[in-house]
Amino acid sequence: MSRTWIGEYDADIRLWSERQAALLRRVGAGEKVNDQVDWANVAEEIESLGQSERRRLASHVRTVLEHLAKLEASPATEPRSGWQDTVLRSRLDIQDLLEASPSLRPTLAAVVSQQLPRALKLTASALTLHGETPRVDLGNITYTVDQVLSDWFPTGNE
């Protein structure tokens, strides 16, 4: 029984993952190498990948929400174009992520709901840092999933 992966997981995750992937392919081809697969860590890494994708989605959604809120609340004329550019880029990142992991799409409403208070807190901090008084009550700002994903921008932020 060969356990070449013992210690390798902690010492060199890239090398470990390449070896484990090769072993899994061999298992898939019918080879009897099950005892060589680091099953516990393989399962942990697969689960971690899903969690990472959810965190990436939340981060991109929070960025869109924060910059939409800045566009809506900030009295400043600049850097509006930069905020819009950030929203466009983050929307593309969300689109890419949803294409790669379509099972994340049903979670979007919950992600938007969870991230909105965080985004508004960041917006309030940024406005305060720049000595700005919000044009609107940040507590009244809400956005839908469609507003987060579509080409929509708040009105009056030219």
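What follows draws every value from the coordinates through simple rules; no lab data is involved. Owing to the predicted nature of the structure, the values given are computational and were not obtained by experimental measurement. Note: ideal-geometry Cβ built from the backbone for every residue, glycine included; neighbour counts use all protein chains shown.
Each label point is 7 Å from the Cα along the Cα-to-Cβ direction; what then is the distance between the points at Asp85 and Asn140, in nm?
3.2 nm
What are the ³J(HN,Hα) couplings of region 27-42, residue after residue, when phi is run through the Karplus curve with 6.51, -1.76, 1.60 and θ = phi - 60°? Round to Hz, x for glycine and proline.
4, x, 7, x, 6, 8, 10, 3, 6, 9, 7, 7, 4, 4, 6, 4
Do me a favour and compute the ellipsoid semi-axes for the chain from its Cα gyration tensor, root of five times each eigenvalue, largest one first, whole Å.
Those come to 45, 16, 12 Å.
For region 85-146 and region 13-80, write down the distance between their C-alpha centroids in whole Å.
20 Å
Could you work out the local net charge near Val61, counting Lys and Arg as +1, Asp and Glu as -1, over the other residues with Cβ closer than 14 Å to its Cβ?
Here the charged neighbours net out to +3.
Express in nm, to one decimal, how much length is gained between Glu99 and Arg55 on full extension, taking 0.36 nm for each residue of separation and deducting their alpha carbon distance.
14.3 nm
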